[in-house]
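Only one structure is covered here, and it is reproduced in the block below.
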Amino acid sequence: VEKSAEPKKVAVIGGGPAGMRAAIYAAQRGHDVTLYEKSGQLGGQLFHSDYFPFKWPIQNFKNWLIRELGKSGVKVVMNTAPTRQMIQAGGYDALAATGAKVNIPNIPGLKDESGKLKPQYMSCLDTCGREPELGKHVVIVGGSEVGIETAMYLCGLGHDVTVLTRQKKLAHNAS
């Protein structure tokens, strides 16, 4: 990696795979990098690989990124969603904001007035680590790759899972 002629102070918002990789690369170029992660764990949407045993290659990749981040000299600030004021006060020259969001279908009654998922419902990835909160019978709405992988995982834990899909084929988007 070629070093930057003018090292800068860089903030990266988001500790998922894109944020970690951006922070590592910027540090390799010689920049002073701070990565902010709003939760208490790195990995973003890849965290499910810690739960789904068949996702071990993704878990290996996530863990490699975390190790590389640790070696890179990037300052990591956990449990912090930086505000505009925090970024401005930090005197950063550059900002990279990353982040993925779970795709929640627009089903009437699923979301509250603010557009957030109602507490009695959870996304497939939200089930990871919260399996005891689920009943014996689980309904997954959406039979694409994530829904089917979650169904496989929950069945393996002893849940009776029903998958509802409008597609003609389960996991139609899986490679």
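The values are calculated or read from the model by the stated rules, or taken from the named source; none is laboratory data. All of these numbers come straight from a predicted model, not from anything done at the bench. All Cβ positions, glycine included, derive from the backbone under ideal geometry; neighbour counts span all protein chains shown. Just so you know, the surface numbers come from the protein's heavy atoms only, side chains and all, with ligands and any DNA or RNA stripped out. Shrake-Rupley method; radii C 1.70, N 1.55, O 1.52, S 1.80 Å.
The solvent-accessible area of Tyr25, taken with every protein chain present and a 1.4 Å probe, is close to 110 Å². Taking amide H as placed 1.01 Å from N in the peptide plane, Ala97 has its amide H under 5 Å from the amide H of Ile13, each at least 5 places away in sequence or on another chain. To the nearest 10, the accessible area of Asp32 is 90 Å² with a 1.4 Å probe.
In units of the rule-of-thumb radius 2.2 N^0.38 Å, the range 1-89 shows an alpha carbon radius of gyration of 1.14. Please give the Cα centre distance for the range 27-83 versus the range 104-124, rounded to the nearest Å. Taking the Cα centre of each part, the range 27-83 and the range 104-124 sit 27 Å apart. Amide H contacts for Lys111 (H built 1.01 Å from N in the peptide plane; partners 5 or more residues away or on another chain; cut-off under 5 Å): Lys118. Label-to-label distance, Glu133 versus Arg67, with points set 7 angstrom from Cα along the beta-carbon direction: 3.2 nm. Close amide H pairs (under 5 Å, H built 1.01 Å from N) link Val161 with Val138, residues at least 5 positions away or on another chain.
Rounded to the nearest 10 degrees, what's the angle between the helix 17-28 long axis and the longest principal axis of the chain, both from Cα atoms, 0 to 90? Taking the Cα atoms of the chain, the angle to 17-28 is about 10 degrees. Per residue, the accessible area of the chain comes to 63 Å², computed with a 1.4 Å probe over protein heavy atoms only. For the chain, the longest principal axis of the Cα atoms and the long axis of helix 145-156 meet at an angle of about 60 degrees. Seen against the Cα atoms of the chain and their longest principal axis, helix 56-72 is set at about 20 degrees.
Rg and Dmax over the alpha-carbon atoms of the chain stand at 19.2, 59 Å. If you sort Ile140, Ile13 by accessible surface, 1.4 Å probe, largest first, the order is Ile13, Ile140.
With the full set of protein chains in place, find how many percent of the accessible area of the chain is carbon and sulfur; take the probe as 1.4 Å. Carbon and sulfur together cover 53 percent of it.
Spin-label model, Tyr121/Cys155: points 7 Å from Cα along the beta carbon direction are separated by 2.4 nm.
Between Lys168 and Arg21, the FRET efficiency estimated from the beta carbon spacing at R0 = 35 angstrom works out to 0.45. Largest accessible area first, the residues Cys155, Cys124 order themselves as Cys155, Cys124 under a 1.4 Å probe with ligands, DNA and RNA left out. For the chain, averaging the sequence separation of C-alpha pairs within contact (under 8 Å, six or more residues apart) and dividing by the residue count gives a relative contact order of 21 percent.
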